[in-house]
Amino acid sequence: MSDPTERVREAARERGLSVDLRERPEAGSLHQAAELLGIGPDALVKTLVVKRSDDTFLFALVPGDRAISWPKLRAIVGVNKLRLPEPEVALAATGYERGTIVPIGSSMAWPVYADERIVGRRIAMGAGAHGYSLFVEADELIAAYDATVADITTELTLR
């Protein structure tokens, strides 16, 4: 099996994206990963695979200190039903395991929806393999994937 970080690097080159991949120790949480990278949780962007009722998918780019707002995302996508798929379904849809998923180099080019809060920022995200993160200019990523930018998140609520 090929190195998933190489797939990310190659896909970034093909799209003219400048990415900086960094090895980091395994993190037990998003907050720990952000700390290891020396950034705030809001700069560590989660790539969530979202399944539509017709068995197609999309990517949602969500700042680490926020959560998907299902009503907002459904309204932007124009559907009544969306959900997070099981981990094995997300792996089959992208070629990446949860916690490593990134649109760059995904096995399928699903539409990308980016939360408006990442615009104009340098962000970190998954890099296709555990123990790695990549840094990229959000605006370049948005342009390279023709992402839809909108308010698709809500504040995280502690339980």
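All of the numbers you see were taken from the coordinates with simple rules; none came from a lab. All values reported here derive from a predicted model rather than from experimental measurement. Backbone-built Cβ (ideal geometry, glycine too); neighbour counts: all protein chains shown.
Can you classify segment 1-70 as rounded, prolate or oblate using the Cα gyration tensor, where a ≥ b ≥ c are the square roots of its eigenvalues, rounded means a/c under 1.5, and otherwise it's prolate if a/b beats b/c and oblate if not?
On the way: a/c = 1.84, a/b = 1.05, b/c = 1.75.
Judged from the Cα gyration tensor, segment 1-70 comes out oblate (a/c at least 1.5, b/c at or above a/b).
Please give the charge dipole size of segment 4-146, origin at the Cα centre, charges +1 on K and R Cβ atoms and -1 on D and E Cβ atoms. Round to the nearest 20 debye. It would help to have the intermediate numbers written out before the result.
Details: 18 positive and 20 negative charges, 73 e Å.
With Lys and Arg at +1 and Asp and Glu at -1, about 340 debye.
Starting from the Cα-Cα distance between residue 130 and residue 157, subtract it from 0.36 nm times their residue separation and give me the gain in nm to one decimal. Before the final figure, lay out the partial values.
Working: separation 27, 0.36 × 27 = 9.72 nm, distance 2.66 nm.
Between residue 130 and residue 157, full extension yields 7.1 nm more.
Report the FRET efficiency, 1/(1 + (r/R0)^6), for residue 18 and residue 97, where r is their Cβ-Cβ distance and R0 is 30 Å, rounded to 0.05.
Working: r = 25 Å, r/R0 = 0.83.
Calculated transfer efficiency: 0.75.
Between residue 146 and residue 80, what is the spin-label point distance in nm, taking each point 7 Å from the Cα along the Cα→C-beta axis?
2.9
Shape call for segment 4-146 from the C-alpha gyration tensor, a ≥ b ≥ c root eigenvalues: rounded (a/c under 1.5), prolate (a/b greater than b/c) or oblate?
It comes out rounded by the Cα gyration axes.
Quick one: among 20, 55, 42, which has the greatest mean-square fluctuation in a GNM of the chain with alpha-carbon springs under 10 angstrom?
55
Which of 67, 101, 47 sits farthest toward the positive end of the charge dipole of segment 40-159, with +1 on the Cβ of Lys and Arg and -1 on the Cβ of Asp and Glu?
67
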